[in-house]
Structure formats: structure tokens, C-alpha cells
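The values are calculated or read from the model by the stated rules, or taken from the named source; none is laboratory data. Bear in mind the structure is a predicted one, so any value in this text is a computation, not a measurement. Glycine also receives a Cβ, built like all others from the backbone with ideal geometry; neighbour counts cover every protein chain displayed.
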Amino acid sequence: MENQNLSKIFYEIAEFLEMDGVRFKPYAYKKAALSLESLKEDVFNIYKNGDNKALQKIPGVGENIAGHIEEYLKTGKIKIYEEYKKRLPLKIDELMMVEGLGLRKIKILYEKLGIKNLKDLEKSAKNHKISPLFGFGEKTEKNILQGIEFQKNNKGKMLLGEILPKAKNILEKLKNLKEVDQISLAGSLRRKKETIGDIDILVVSKKPKIVMDFFVSMPEVKKVLAKGETKSSIYTKDGFDIDLRVVSEKSYGSALQYFTGSKEHNIALRKIAIEKNLKLSEYGVFKGKKQIAGKTEEEVYKAIGLHWIAPELRENQGEIETVFKNELPELVGLKDIKGDLHCHSNWNGGKNSIEEMAEFAIKMGYEYIGISDHTKFLRIENGLNEEQLLKQNLEIKKLNEKYKNKNFRVLHGCEANIMTDGSLDIKDEVLEKLDYVIAGIHSQLKMSKNQMTERLAKAMENPNIDIISHPTGRLIGKRDEYQLDFDKILETAKNTGTILEINSSPVRLDLKDFYIRRAKNEGVKMIINTDSHEKNQLNLMEYGVSMARRGWTEKKDIINTLPVSELLKYFK
DNA sequence: GCCGTTTTCGGCCCGACTGTTTTCAGTCG
């Protein structure tokens with residue numbers, strides 16, 4: 001599928017055009033790139049089954065860009081792109097990571113000093129070659145050096161699960177100020193993206209100066225990046241940025257809407273506003289000069305003719321079209337979750353006993369917990385063999401006697417290993433005795449796409465396997481997903497009634513939002529589990545639920561929203 | 001370069017802050 005490659009090329013062409021100071025064209029190329037990125041159909045098929053005209057039916061693709069696509073499909077190259085790369089042979093991504101450097105400045109640095117990458121940039125800045133340039137200065141040069149340093153210490157973005165607890169701490173501190181009337185997280189953190197670049201906080205206050213002064217002098221602050229009456233930014237000792245905005249009460253809703261994003265969602269909303277002869281900004285919805293909405297988000301959406309949209313959906317991936325049709329899903333919530341079926345005990349690599357795990361689950365208000373320890377192939381985790389599993393089964397039966405009158409139940413499963421040929425490392429006659437079986441891939445992760453798809457599909461056809469754990473195997477920022485034909489996996493899951501896991505572990509979040517939405521569309525059932533190796537990790541459930549919400553799922557798509565009797569019906 | 005529920009031409013989201021200017025461009029979100 002060439003969609004992603006083409007999308008990347010068009011994004012880059014947009015950047016080149018922006019460097020040249022061309023107006024509006026970059027916007028067109030970016031739109032086409034975005035459109036291709038989320039296009040379900042393969043452009044090659046669209047072209048093969050139609051022609052150039054068929055390509056022009058793709059939103060954002062007109063005569064010219066269709067021509068580029070055609071050229072690419074025929075020759076593997078796009079001429080203007082190749083020319084740009086030759087003329088401006090720069091590591092744009094690398095240079096753009098430096099705060100304060102944009103495309104215009106990057107081009108000037110290349111033309112005047114021949115700077116192509118981060119290394120060149122650092123050298124020039126250290127030798128004070130940058131400050132004499134027109135439009136640059138001492139401060140810019142210093143900021144560039146600091147930006148490079150920041151990049152070195154802080155590669156990439158932070159995990160949602162790492163940053164959300166820290167953000168909540170800061171939020172609490174600000175909340176305690178008597179000058180703060182209202183407060184909320186905003187930005188990608190409020191949309192619960194799997195990785196977060198920085199923290200955005202929005203505040204209502206009649207005394208913004210006091211709030212800003214407090215904010216920039218918190219003990220967490222390492223550097224103040226900007227400070228104004230309405231907007232300040234800090235860099236913390238933990239290595240991330242926090243932006244704080246202060247607005248008045250009458251603009252709180254519109255500001256919250258605006259600062260929550262995403263950028264694409266906001267642009268779409270503003271266009272809708274313009275069509276209705278209104279203006280939408282962070283200060284409100286305006287008819288001429290008169291503000292007609294802004295106090296709450298609901299009011300803002302309503303003013304431009306829409307129902308409120310949950311932050312997790314605001315990615316301009318169809319939510320606006322869907323809200324027009326009044327067909328937005330009623331998203332699953334943390335409160336809907338009745339139990340957690342992927343939990344490890346101290347029988348293998350876990351920290352707590354089965355009883356301790358169960359007690360914690362009861363405190364969380366769950367109706368059941370499933371113990372699913374590793375099996376024997378995973379020696380490093382002390383995986384259980386057949387005999388140990390049967391022994392564990394007896395212990396769980398005994399424990400359930402204790403909970404008989406408590407409306408709580410411990411279910412017995414295991415997390416078996418899918419071997420390279422798709423078989424399991426535990427005999428079927430033992431698996432049959434368990435309440436359910438999770439199976440996952442933990443070895444030989446680099447098989448070819450065909451082999452890996454075959455391996456997983458064969459496992460799903462095993463009548464004892466109910467759930468596939470962490471189906472794509474990625475570790476965010478550390479390890480890519482397995483090579484898989486995901487459409488084939490969905491088809492097999494559907495045909496065999498196999499449930500796909502949404503693993504809540506912050507580094508996994510697997511399935512990810514994009515796949516969750518595809519699974520939902522295909523009618524494949526999912527389960528949100530934590531993969532806890534100690535009792536406190538049961539609290540990670542919120543991250544899995546966030547992914548599920550970003551994947552548009554409702555209660556009915558997620559089987560652990562069901563009471564235990566209903567749940568068991570979904571197992572083979 | 002794309003697009004049209006007033007348009008096939010004339011628009012293309014909006015505002016704050018910084019650093020460099022001396023009225024503004026670039027960057028960011």
C-alpha cells in the first residue's frame with residue numbers, strides 16, 4: 001500500500017513550498033497528505049480500477065496532485081519532489097525539532113551557512129555564525145543551542161501514562177490557588193493521545209498576573225520559556241513543557257475547545273462557523289462583533305449547529321460528519337468496566353498473591369478478576385506448566401468459596417504462548433479446564449508478514465483460545481509492531497469469535513486507537529485489560545479505556561463491561 | 001493547488017508572544 005509513502009511525500013512537498021514562501025499551496029498539499037493518510041482504500045487500486053479522474057475523487061486531490069500520484073505509481077518518483085530534495089538537501093525533521101526554528105529560518109540557515117542538519121547547526125551556533133544574520137540575533141543563537149540540548153536529553157514524546165499523573169499534580173497545585181476560578185487540562189493530554197509532547201492547562205481567573213507569577217516560580221520550573229498576561233510556558237526539571245493560558249469566564253468554553261484541539265478539528269469547526277457567517281476563536285463564537293457563545297464547550301458547539309464532541313474524538317477523522325448525522329457513538333467509560341482478565345500473580349513473575357489481586361479488584365468495585373499467568377515456554381517469567389495450572393485451578397476454586405456471598409468471582413485463565421507454527425505451549429486438555437485462555441506472541445517477533453499473519457490466524461482458530469493479548473506487539477518508542485496483515489487478522493477474529501485485547505500498559509496500548517476503530521467497524525469484540533504484574537497496576541485500566549474511546553468504541557464493543565454470566569458466553 | 005447548499009474565481013483559521021525590528025515576520029499552538 002503506497003498511501004502512507006505518498007502522504008509522506010506530499011507533507012514534505014508542503015514543507016519545501018513553505019520554505020520558498022509560496023502561499024496557500026502548502027495548505028493544499030498538506031490536505032491531500034492528510035486525506036491519503038487516513039484513506040482506507042489503496043490508491044493503487046483506485047487508480048487501477050479507474051484512472052486519473054478516479055484519483056481526483058479523493059478529497060483534497062485535484063488535477064495536479066492526481067498527476068503526481070499517477071507519476072509516482074508509474075515511475076516510483078515524483079519529479080518536483082526529487083528536484084526539491086536536490087535543491088534543499090536538508091534534514092528538515094531534525095532541524096524542526098529545535099524549538100523556535102521553523103521552515104523559513106531553516107532555509108535561510110542553509111542558504112547563508114550551508115546548515116543541513118543538527119550537527120551543522122550546533123557547530124555554527126557555537127561559533128557564533130548565526131547571530132550576525134539578518135533576522136537572527138544573540139538570543140536566537142542561544143535558544144538554538146538550548147533547543148539542541150533539549151533534543152539530546154529528551155528524545156521524542158512522553159507516554160500518556162508517564163505524563164498524566166504529573167500533569168494532575170500540577171493541576172492540583174494551581175487549583176488550590178484562590179485566584180483560580182476554573183481549571184482544566186487541554187491539548188493532546190485531554191484528547192488522551194498515546195504520547196504527549198507537552199502539557200496544556202487552561203485557567204479562568206480575574207487576577208491572571210498572580211496566577212502567572214505563581215506558575216513560573218513553582219519549584220518544578222527549570223526555565224521560563226515565555227511569560228505574558230494570558231499565556232506562559234515553562235520547561236520543568238522533569239524535562240517537559242507546560243503551557244498555561246488564562247482566560248475570562250465568558251471565554252472559558254471556547255478557549256477549552258480551542259486549546260484541546262486537535263488543530264485539524266479546530267480548522268474544520270472554524271470553517272463551519274464561517275459558512276454560517278460566524279467567527280470562532282478562542283474568545284468565543286461571534287456574530288459580527290457580538291459574542292453569542294463561549295462560556296461552555298457545549299454552548300460553543302451548539303452555536304455552530306453541532307452537538308458536543310468528546311475530546312478523544314477530536315481528530316478530524318470523521319467525527320464532524322458523524323455529528324451532523326447525529327450518529328456519534330456513546331463512548332465506553334471507565335465506570336462501565338466490570339473486571340480485568342489479564343492479571344499475573346506471584347505464581348509466575350507477578351508480585352502479589354491471587355487473593356491480594358482479588359481484594360484490590362473488589363476495592364475498585366469490580367465484579368470479577370481473571371488470573372492469567374504466563375505458561376511454561378516463558379521461563380524468564382516462571383511460566384506455569386500443565387500440572388501447576390491445575391493446582392492453581394484448585395486454589396482459585398477455594399478462593400471463590402470465600403467470595404460466594406460477595407458477588408465477586410475469580411476467573412481462571414492463562415496467557416499461553418503462541419509458538420512459531422501457531423500452536424500453544426500448553427496441552428488442550430488442560431486449557432479446556434480453564435474459564436478462558438489468553439494467547440500471545442512472546443518470541444520470534446521478526447517473522448515475515450505472511451508467516452506472522454498465518455501464525456496468529458492459526459492460533460485464533462484453536463477452539464480453546466478466547467483472547468489474543470497485545471495483538472500487534474509494539475512497545476511505544478522501543479519496538480515496532482509485528483508485520484501483520486491486520487485485515488486478515490480482523491477477518492479471522494470475526495469468523496472464529498476470537499476477542500482482541502486492548503492492553504492498557506502505557507508502553508503497549510495495544511491495540512492502538514487506529515486499529516481499535518477498524519476492529520469495531522468489522523464487528524470484532526474487544527476486551528480492555530491491564531496486564532498487571534502487581535495489584536496497583538490494576539489502576540492502569542484508565543489508559544486502555546482512553547484508547548478504546550479514541551477508537552470510537554461503545555459499551556457493547558467491549559466484553560468486560562458485561563456481568564460475569566454474560567461475559568462467559570463470549571468464550572468459545 | 002483545491003474548492004463551491006450564494007462562488008468556476010477568489011478565497012484559503014486565528015491570535016499571542018518573541019526577537020528582531022522600528023512596524024513586523026516568524027513561530028507556535
Evaluate segment A:31-46: report whether one residue or more is crowded, with 20+ Cβ neighbours inside 10 Å and near DNA strand B (Cβ under 10 Å from one of its atoms).
yes
Within segment A:273-297, residues being near DNA strand B (Cβ under 10 Å from one of its atoms) and farther than 25 Å from A:LYS192 by Cα number 8
If only one of A:LYS79, A:LYS74, A:LYS25, A:LYS48 is modelled with pLDDT under 90 and farther than 26 Å from A:GLU264 by Cα, which one is it?
A:LYS48
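Conditions tested, residue by residue: (1) within 13 Å of DNA strand B (Cβ to nearest atom); (2) of a type outside the set (A, V, I, L, M); (3) under 20 Å from A:GLU319 (Cβ atoms); (4) exposed (fewer than 15 other Cβ atoms within 10 Å of the Cβ).
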position: A:MET212; (1), (2), (3), (4): yes, no, no, no
position: A:GLU249; (1), (2), (3), (4): no, yes, no, yes
position: A:GLN257; (1), (2), (3), (4): yes, yes, yes, no
position: A:ASN266; (1), (2), (3), (4): yes, yes, yes, no
position: A:LEU269; (1), (2), (3), (4): yes, no, yes, no
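Away from DNA strand B (no atom under 13 Å from the Cβ), surrounded by 14 or more Cβ atoms within 10 Å (Cβ to Cβ), without any contact (Cβ under 8 Å) to a residue 40 or more places away in the chain and not charged (D, E, K, R): does that describe A:VAL221?
On the way: away from DNA strand B (no atom under 13 Å from the Cβ): yes; surrounded by 14 or more Cβ atoms within 10 Å (Cβ to Cβ): yes; without any contact (Cβ under 8 Å) to a residue 40 or more places away in the chain: yes; not charged (D, E, K, R): yes.
It is true that A:VAL221 is away from DNA strand B (no atom under 13 Å from the Cβ), surrounded by 14 or more Cβ atoms within 10 Å (Cβ to Cβ), without any contact (Cβ under 8 Å) to a residue 40 or more places away in the chain and not charged (D, E, K, R).
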Quick one: A:HIS68 ticks every box in (1) within 13 Å of DNA strand B (Cβ to nearest atom); (2) over 28 Å from A:GLY318 (Cα atoms); (3) assigned to a helix (DSSP H, G or I) bar one, so which box is it?
(2)
Of residues in segment A:174-191 being within 27 Å of A:ASP213 (Cα to Cα) and touching an Asp or Glu at 6+ places or on another chain (Cβ under 9 Å), the one nearest to DNA strand B (Cβ to nearest atom)
A:GLY187
Within segment A:500-519, can one find any residue that is under 16 Å from the mean Cα position of the chain (by Cα), closer than 17 Å to A:LEU445 by Cβ, in a strand (DSSP E or B) and of a type in the set (A, V, I, L, M, F, W, C)?
no
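Can you tell me which residue is modelled with the lowest pLDDT among those in segment A:448-474 that are under 22 Å from A:VAL507 (Cβ atoms) and part of a loop (DSSP other than H, G, I, E, B)? Quick ask: steps written out before the conclusion?
Narrowing segment A:448-474 to residues under 22 Å from A:VAL507 (Cβ atoms): A:452, A:456, A:467-474.
Then keep just the ones that are part of a loop (DSSP other than H, G, I, E, B); that gives A:469-474.
Values: A:SER469: 96, A:HIS470: 95, A:PRO471: 96, A:THR472: 94, A:GLY473: 91, A:ARG474: 88.
Filtering first and then ranking leaves A:ARG474.
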Residue count, segment A:123-170 (criterion: within 11 Å of DNA strand B (Cβ to nearest atom), free of Cβ contacts under 8 Å to residues at least 40 places away in the same chain, assigned to a helix (DSSP H, G or I) and within 18 Å of A:LYS107 (Cα to Cα))
1
State yes or no: is A:LYS427 over 16 Å from A:ASP340 (Cβ atoms), in contact (Cβ under 8 Å) with a residue 12 or more places away in the chain and basic (Lys, Arg)?
yes
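Could you tell me whether A:ALA226 is aliphatic (A, V, I, L, M), within 11 Å of DNA strand B (Cβ to nearest atom) and free of Cβ contacts under 8 Å to residues at least 12 places away in the same chain? Don't jump to the end; show me each part of the working.
Values: aliphatic (A, V, I, L, M): yes; within 11 Å of DNA strand B (Cβ to nearest atom): yes; free of Cβ contacts under 8 Å to residues at least 12 places away in the same chain: yes.
Yes; evaluated as a whole, the condition is true for this residue.
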What are the residue pairs meeting all of these: first residue in segment A:8-35, first residue within 19 Å of A:GLY76 (Cα to Cα) and in a helix (DSSP H, G or I), second residue among the β-branched types (Val, Ile, Thr) and more than 10 Å from DNA strand B (Cβ to nearest atom), Cβ atoms under 7 Å, and 6 or more apart or on different chains?
A:ILE9/A:ILE78
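Looking at segment A:305-330 only, could you name the residues that are closer than 30 Å to A:GLU367 by Cβ and buried (at least 20 other Cβ atoms within 10 Å of the Cβ)? Explain how you work it out, then say what you get.
Step one: filter segment A:305-330 for residues closer than 30 Å to A:GLU367 by Cβ, giving A:310-313, A:328-330.
Of everything in segment A:305-330, those that are closer than 30 Å to A:GLU367 by Cβ and buried (at least 20 other Cβ atoms within 10 Å of the Cβ) turn out to be A:PRO311, A:GLU312, A:LEU313.
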Does any residue of segment A:281-298 turn out to be surrounded by 15 or more Cβ atoms within 10 Å (Cβ to Cβ), of a type in the set (D, E, K, R) and touching an Asp or Glu at 6+ places or on another chain (Cβ under 6 Å)?
no
State whether one or more residues within segment A:8-22 are closer than 21 Å to A:HIS265 by Cα, more than 14 Å from DNA strand B (Cβ to nearest atom) and surrounded by fewer than 20 Cβ atoms within 10 Å (Cβ to Cβ).
yes
Out of everything in segment A:132-188 that is more than 17 Å from the chain's Cα centre (by Cα) and hydroxyl-bearing (Ser, Thr, Tyr), what residue ends up being farthest from A:TYR252 (Cα to Cα)?
A:THR140
Please work out if A:ASN495 is assigned to a loop (DSSP other than H, G, I, E, B) and either modelled with pLDDT of 95 or more or farther than 26 Å from A:GLU194 by Cα (or both).
no
Out of all the residues in segment A:88-122, which are over 20 Å from A:ARG23 (Cα atoms), assigned to a helix (DSSP H, G or I) and touching a residue at least 12 places away in the same chain (Cβ under 8 Å)?
A:GLU94, A:LEU95, A:LEU109, A:TYR110, A:LYS112, A:LEU113, A:LEU118, A:LEU121, A:GLU122
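Inspect segment A:233-243 for any residue being under 16 Å from A:SER184 (Cβ atoms) and buried (at least 21 other Cβ atoms within 10 Å of the Cβ) and give the result as yes or no. Talk me through it step by step, then tell me what you get.
Step one: list which residues in segment A:233-243 are under 16 Å from A:SER184 (Cβ atoms), which gives A:242-243.
Then drop every residue that is not buried (at least 21 other Cβ atoms within 10 Å of the Cβ), which leaves A:242.
The answer is yes; a qualifying residue exists.
Right, A:VAL221: out of contact with any Phe, Trp or Tyr (no Cβ under 8 Å at 6 or more places or on another chain) and among the β-branched types (Val, Ile, Thr) or not?
Details: out of contact with any Phe, Trp or Tyr (no Cβ under 8 Å at 6 or more places or on another chain): no; among the β-branched types (Val, Ile, Thr): yes.
Criteria not met by A:VAL221.
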Can you pull out the residues in segment A:229-247 that are assigned to a loop (DSSP other than H, G, I, E, B), more than 11 Å from DNA strand B (Cβ to nearest atom) and hydroxyl-bearing (Ser, Thr, Tyr)?
none
Candidates A:LEU189, A:LEU202, A:LEU185, filtered to the one that is assigned to a helix (DSSP H, G or I) and crowded, with 21+ Cβ neighbours inside 10 Å
A:LEU189
How many residues does segment A:505-541 hold that are of a type in the set (Gly, Ala, Ser) and more than 20 Å from A:PRO329 (Cβ to Cβ)?
2
Given the conditions (1) farther than 30 Å from A:LYS157 by Cα; (2) more than 9 Å from DNA strand B (Cβ to nearest atom); (3) modelled with pLDDT of 90 or more, which single one is not true for A:TYR84?
(1)
